[in-house]
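Let me begin by presenting the structure, written as structure tokens, before commenting on it.
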Amino acid sequence: MESFEQVAAQYDPMIHQIIRSLSIYKNQEEYFQIALIRLWEAWNLFDHTQGKFLTFAYTIVKQKLIDELRKTRMQKNSTVTRSEEFWSSAESSYIHQPLEEEQLLSYCSSLTKNQTIWVLSAFLYDLTVNQIAEQHGVTASAVKAWKKGALTKLRTTLQLD
């Protein structure tokens, strides 16, 4: 029985051919290593009385590379990376803006504390009802009630002006 080093050297062209046939052009070394590991597994699993090792190895290695390509594609599709530009714009949008807060607070003089919390959270920090509820440890229904009361009072106040 020959050593795995001899098998690896003998099947090196086959692995490169499979990589080319699958149009793998990025991370070729990584895929080559995966294929080599799978070749070693196939070499250990193969029953020499069952047929030709070449056919068995080709099928096993190619299937493993196809599985890895699928896995990589799924990870790539499910992972969203944001650009540096996004993070800098997101960061700048949450910078405390005292003038906007003062202007909003000037409309909130007739509101309760909770209604004021809703106004500031919704308009200054752009939070949803669920986010506000979570942040203040109350139910979403409670925050909706704050919203309803605040909007009613604000409409009345703005109509008088």
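The values are calculated or read from the model by the stated rules, or taken from the named source; none is laboratory data. As the structure is a prediction and not an experimental result, all values here were calculated from the model. For accessibility, only protein heavy atoms count, side chains too; no ligands or nucleic acids. Shrake-Rupley method; radii C 1.70, N 1.55, O 1.52, S 1.80 Å.
Counting only DSSP H runs of at least 4 residues, each contributing -39500 (n - 2.57), and dividing by the residue count of the chain, the helix-based mean residue ellipticity at 222 nm comes to -24000 deg cm²/dmol. What the chain shows is 73 Å² of accessible area per residue, with the surface traced by a 1.4 Å probe over protein heavy atoms.
3J(HN,Hα) along segment 58-65, derived from phi through the Karplus expression 6.51 cos²θ - 1.76 cosθ + 1.60 where θ = phi - 60°, amounts to 4, 5, 5, 5, 4, 4, 5, 5 Hz, with x in place of Gly and Pro. For volume of the Cα convex hull per residue in Å³, computed directly from the structure shown, the correct entry in (1) 118; (2) 163; (3) 210 is (3). Specify the angular offset, from 0 to 90 degrees and rounded to the nearest 10, of the alpha carbon long axis of helix 84-93 from the longest principal axis of the alpha carbons in the chain. Approximately 20 degrees, to the nearest 10. Phi-derived couplings, Karplus 6.51 cos²θ - 1.76 cosθ + 1.60 at θ = phi - 60°, listed residue by residue for segment 24-29: 8, 10, 9, 6, 4, 5 Hz, with x used for Gly and Pro.
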